[in-house]
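Heads up: the structure comes next, in structure tokens.
Throughout, read-outs are computed from the coordinates displayed, never taken from laboratory work. Worth saying up front: this structure is predicted, and the values here are computed from it rather than measured. Neighbour counts are summed over all protein chains in view; Cβ atoms, including those assigned to glycine, are modelled from backbone coordinates with ideal geometry.
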Amino acid sequence: MNKMKKPRKTLLVGVLGLLLCVSCYYDQEVEEVIPDIPIDEPISFQEDIQPLFVLAGRDCTTCHDGSIANPDLREGNAYDAIVPELVVAGDAASSAFFTGLPGNDHPIEAGFRLTVDEIALIRSWIDRGAEDN
Ligand code: HEC
């Protein structure tokens, strides 16, 4: 009961502070912190990208299984499901698949995020032409 009588200002400052924190966090992750993968390190869709969709405890295919959520990220289906519909080869920043990743701006709470290094790998793979290699 007492809590309801607390000044609204406190709540307002709290909410604004929280929004500020959240926006800084996203800015950092999306625009500043993502490292570049050195160009002499090859990136393979089959060996480096596909495994990111089925990580233990962070398995995209619990939802992206061809029925619950699109795109279908199961092995054997993922490439055709994301290229070219959600991937602009050579331009990760314009690719809905990249901007929509958990850790970037995934449409719903996935329950986990990809790490900055994992996101960097996907970005560089797209920027280098999104090959099915
Ligand atoms: C808890 C369920 C869930 C998990 C786990 C999940 N997603 Fe999603 N994802 C969704 C839903 C729901 C959508 C909205 C599209 C839809 O409803 O088909 C979505 C949308 C997306 C989109 C945007 C697609 C577009 O059309 O713009 C991307 C990209 C994506 N997910 C990637 C991933 C990746 C990569 C992972 C794992 C690292 C993941 N998601 C884990 C449920 C999930």
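With a cut-off of 12 Å on the backbone N, the residues of region 31-69 near the modelled label site 7 Å out from Asp117 along Cα-Cβ are 35.
So how do 78-86, 60-68 stack up, highest first, on mean other-Cβ count within 10 Å? Please list the in-between numbers first.
Details: 78-86: 16.9, 60-68: 14.9.
In descending order of packing, they fall as 78-86, 60-68.
In this label model, Val54 and Arg8 are separated by 5.4 nm, measuring between points 7 Å along each Cα→Cβ vector.
Toward the positive end of the charge dipole of region 34-127, with +1 on the Cβ of Lys and Arg and -1 on the Cβ of Asp and Glu, the farthest Cα among Gly90, Val54, Pro35 is that of Val54.
When the Kirkwood hydrodynamic radius is evaluated over all pairs of different C-alpha atoms of the chain, what value in angstrom, to one decimal, is obtained? Hydrodynamic radius (Kirkwood, Cα pairs) of the chain is 16.5 Å.
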